[in-house]
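Colleague: Okay, here's the structure, questions in a sec.
Derivation of every value follows stated rules applied to the coordinates shown; laboratory data play no part. Remember, it's a predicted structure, so these values are computed and weren't measured experimentally. Don't worry about glycine lacking a Cβ; one is built from the backbone with ideal geometry, like all the others, and counts go over all protein chains shown.
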Amino acid sequence: MKYVLLIFLVFSDGFTQTLWNGQGHIPQSSQVDWTNAGLLPNTPTVASNLVDVTDPEYGAIPNDGQNDFEAIHDAILAARSNPGLTIIYFPPGTYNINSRIDLTYLDNDIVFQGAGSNQTVLKFTVGHTTQCFYIHGYQTSTAVYLSASVSKGSRDLYGNNISSLRAGE
């Protein structure tokens, strides 16, 4: 007769990492407050407008396996026509996106927001391009090259032409 012996080990917190947000392991030293992620200093934290991609005007349908790019693109166009901060909202579900989403420096008052990392999924299948979001500005005549790495929480940059940058850029 054969017997199988199962041994369960329980480690104290001293031997394990704390779960962050119930998802994956992120050490305390790498955790960041994402409350206002993407918002520039002195930017309002309350949106003037809300564009829901599932509204019939735009037509995204989560979890249907169909491409939602056109609906998202139409929502971006609507957001561009609204004055003030606009949230493009994705209710719970999976949204299939088969093209790259292009944003410019003029779209600095658009925020993409889902129902949460465990509820809203943007599933990109973008083919030969490796970009899901392409966010671009304009080229200046002065290139800035960093000569040292920038660590989390650092407020110092070292390199050529650093004086051409302003706080908040």
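Colleague: Can you pull the Rg over Rh of region 70-147, Cα-only, Kirkwood? Display every interim value, and only then the final one.
Modeller: Numbers: Rg = 14.9 Å, Rh = 14.4 Å.
Value, to two decimals: 1.03.
Colleague: Put +1 on the Cβ of every Lys and Arg and -1 on every Asp and Glu Cβ in region 70-131; which of Thr86, Ser99, Ala71 then has its Cα farthest towards the positive end of the dipole?
Modeller: Ser99
Colleague: Within 10 Å, count the other beta carbons around each residue, average over each peptide in 129-136, 85-92, 59-66, 48-55, and list them highest first. Don't skip to the end; give the middle numbers.
Modeller: Working: 129-136: 11.0, 85-92: 18.9, 59-66: 14.6, 48-55: 17.2.
Packing proxy ranking, top to bottom: 85-92, 48-55, 59-66, 129-136.
Colleague: Order of 120-126, 68-74 by packing, highest average Cβ count within 10 Å first? Before the final figure, lay out each step's value.
Modeller: Values: 120-126: 14.9, 68-74: 18.9.
Ranking, from highest mean packing down: 68-74, 120-126.
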